[in-house]
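Structure first, then comments.
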Amino acid sequence: MATMRALLKKTVAIAKPSNSRPYASSIGTYAAATANAVEPPQLPPFDYQPRPYHGPSADEVLAKRKKYLGPSLFYYYQKPLNIVEGKMQYLFDDSGRRYLDAFAGIVTVSCGHCHPQVLNAITEQNKLLQHATTIYLHHAIADFAEALAQKMPGNLKVVYFVNSGSEANELAMMMARLYTGNLGMISLRNAYHGGSSSTIGLTALNTWKYPIPEGEIHHVMNPDPYRGIFGPDAKSYAKDVQDHIDYGTSGRVAGFIAETIQGVGGAVELAPGYLNLVYDIVRKSGGVCIADEVQTGFGRTGSHYWGFETQGVIPDIVTMAKGIGNGLPLGAVVTTPEIASVMNQKIQFNTFGGNPVCSAGGLAVLRVLDQEKRQAHCADVGSHMLERLRSLMQKHEIIGDVRGRGLMVGVELVTDRKEKTPAKSETAVLFEKLRELGVLVGKGGLHGNVFRIKPPMCFTKDDADFVVDALDYAISKL
């Protein structure tokens, strides 16, 4: 995956929730200690000792992976890391070295690695019943569905549990087509909605698409304020949707799906007001509106619990995964009773969806995020990090754009700010350098030149300062 090998960002440290926890450190002390340091920035202290590791080496694991796993699997870094343990926002390799996880297992670890409350819920349920399916009653799935429905606005009150974001989006697309009686789906260019044979059609990045039939899926202009041809002008992008319906379809569509902040596409936040305009156009054309909250949900954006709320809209269907389970294979689709009723036409069943163990873990995640006030925490830490990154942008010409909100941040690197030429080779160098400094970040965008900083939500201001200082140091050494 050439495009996947491009960027890395720097984050660090310890998790200090609002109500203070055992893994906390004082916010701000790290920044003062390392300000203007000539030496490479150091990871903040963390009071945890990983267990001694006696398993196979990285070389042995890699050799076995290459022999027995699919060749399409890729890994980060020239010398891949053998990660064997995690605690809150930190990961440890087979030598015991500590890294700041600024990518959260691809935006999946919400509460923190091995969060004790989530672990306890999973362990206790495992002792009683691991699996039974929904052909029998069990309180865990009902309790989890109730708690999740209470987080939703409007009449979004019916929950379907699945195992991943791809599954969730595939089910949402089927619902849209059954409910409307139409086939055509609309998604945005630069979007990522999954890699299954159906959702790969909704995805609009050539690096993730195999040459297979996509079927009745249309991709419209991406309302990207940085690279889009209309800048932040939501009305012009919305007109493109109307034109596409008028000239590229029968005039009737099944639905429209969008991430509020595109994840794999490079943390691109849609132009303000865009979804409000497009939802109106789509509904007038007989379609339903789907919000993909796989990466933006559960308070990560800081300002709101759900990403779609930043655009002032209420979707007809919402899909979610990743952070919902803090690493468990868990996803969900939430919709209205009216739309959900179309599934009664046939038998709809998911063997592992709502599994007792996953439901118990998912419910614990919701409770932890509330108890530790993680949404407010993301807003506070995220605004601090964005402010520092934007200041760093004034120092380094290679930083073309800093964007996002809360703890869903993107830093795009370019060789020419006017032409916005992707800094591919420079990004690759910085990606490796950040790892050497102890920071693991993600990368995204079609050209892999965007650092994706989306850490566990226990990430602190000290962590944010460390990320920025590490990036500053790495760029200065280019």
_Restricting to the range 51-66, give me the number of residues that are in contact with a strand residue (DSSP E or B) (Cβ under 6 Å, 6 or more places away or on another chain) and outside any loop (DSSP other than H, G, I, E, B)._
0
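To keep it simple, each residue is scored yes or no on (1) under 21 Å from Gln262 (Cβ atoms); (2) aliphatic (A, V, I, L, M); (3) assigned by the TED database to the domain that holds His304.
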{"position": "Leu386", "(1), (2), (3)": "yes, yes, no"}
{"position": "Ile398", "(1), (2), (3)": "no, yes, no"}
{"position": "Gly404", "(1), (2), (3)": "yes, no, no"}
{"position": "Gly410", "(1), (2), (3)": "yes, no, no"}
{"position": "Val414", "(1), (2), (3)": "yes, yes, no"}
{"position": "Lys433", "(1), (2), (3)": "no, no, no"}
{"position": "Met457", "(1), (2), (3)": "yes, yes, no"}
{"position": "Asp469", "(1), (2), (3)": "no, no, no"}
*Please list, ordered by first then second residue, the pairs with beta carbon atoms under 7 Å, 6 or more apart or interchain, first in the range 340-363 and over 26 Å from Gln117 (Cβ atoms), second in a loop (DSSP other than H, G, I, E, B).*
Thr351/Thr133
*May I ask you to list the residues in the range 271-290 that are of a type in the set (A, V, I, L, M) and farther than 21 Å from Arg252 by Cβ?*
Ala271
*All positions within the range 73-113 that are open to solvent by 60 Å² or more (accessible area, probe 1.4 Å) and touching a strand residue (DSSP E or B) at 6+ places or on another chain (Cβ under 7 Å)*: Ile83, Ile106
*Counting only residues that are among the charged types (D, E, K, R) and within 17 Å of the chain's Cα centre (by Cα), which one in the range 383-411 is least open to solvent (accessible area, probe 1.4 Å)?*
Arg403
*asked:* Just to check your reading of the model, which residue among Leu478, Leu440 is modelled with pLDDT of 95 or more and among the aliphatic types (A, V, I, L, M)?
replied: Leu440
_Identity of the residue in the range 269-302, closer than 23 Å to Thr460 by Cα and of a type in the set (A, V, I, L, M, F, W, C), that ends up nearest to the chain's Cα centre (by Cα)_ = Val294
*the range 118-176 - residue that is surrounded by fewer than 14 Cβ atoms within 10 Å (Cβ to Cβ) and of a type in the set (Asp, Glu) and, of those, farthest from Phe349 (Cα to Cα)*: Glu124
*Consider Ile281 carefully, then state whether it is open to solvent by less than 10 Å² (accessible area, probe 1.4 Å) and either in contact (Cβ under 8 Å) with a residue 60 or more places away in the chain or outside the structural domain of Phe459 (by the TED database) (or both).*
no
*Residue check: is Lys443 among the charged types (D, E, K, R) and under 19 Å from the mean Cα position of the chain (by Cα)?*
yes
*Qualifying positions in the range 435-474 - among the small types (Gly, Ala, Ser) and closer than 18 Å to Ser110 by Cα*: Gly442, Ala464
*asked:* So for the range 161-180 (the condition being free of Cβ contacts under 8 Å to residues at least 12 places away in the same chain and among the β-branched types (Val, Ile, Thr)), does at least one residue qualify?
replied: no
_Positions within the range 200-224 being under 20 Å from the mean Cα position of the chain (by Cα) and either in a loop (DSSP other than H, G, I, E, B) or surrounded by 23 or more Cβ atoms within 10 Å (Cβ to Cβ) (or both), in sequence order_ = Leu202, Thr203, Ala204, Leu205, Lys209, Asn222, Pro223, Asp224
*Gln242 versus (1) out of contact with any Pro (no Cβ under 9 Å at 6 or more places or on another chain); (2) under 30 Å from Thr421 (Cα atoms); (3) of a type in the set (S, T, N, Q): which is the lone unmet condition?*
(2)
*Please specify each residue of the range 325-382 satisfying the condition of being open to solvent by less than 30 Å² (accessible area, probe 1.4 Å), touching a strand residue (DSSP E or B) at 6+ places or on another chain (Cβ under 9 Å) and outside the structural domain of Leu178 (by the TED database).*
Cys378, Gly382
*Collect the residues in the range 231-262 that are part of a loop (DSSP other than H, G, I, E, B), free of Cβ contacts under 8 Å to residues at least 60 places away in the same chain and either in contact with a Phe, Trp or Tyr (Cβ under 6 Å, 6 or more places away or on another chain) or surrounded by 18 or more Cβ atoms within 10 Å (Cβ to Cβ) (or both), keeping them in residue-number order.*
Thr260
*asked:* Please return the ranges of strands (runs of 3 or more DSSP E) entirely within the range 67-168 where 3 or more residues are closer than 30 Å to Gly438 by Cβ.
replied: 83-87, 90-93, 98-101
*Run down Ser197, Ser236 and say which single residue is hydroxyl-bearing (Ser, Thr, Tyr), assigned by the TED database to the domain that holds Phe256 and at pLDDT 95 or above.*
Ser236
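The values are calculated or read from the model by the stated rules, or taken from the named source; none is laboratory data. These numbers come from a predicted model, not from an experiment. Cβ sites come from the backbone with ideal geometry, for glycine too, and all protein chains shown count toward neighbours. Areas reflect the complete protein model, heavy atoms only, side chains present, ligands, DNA and RNA absent. Shrake-Rupley method; radii C 1.70, N 1.55, O 1.52, S 1.80 Å.
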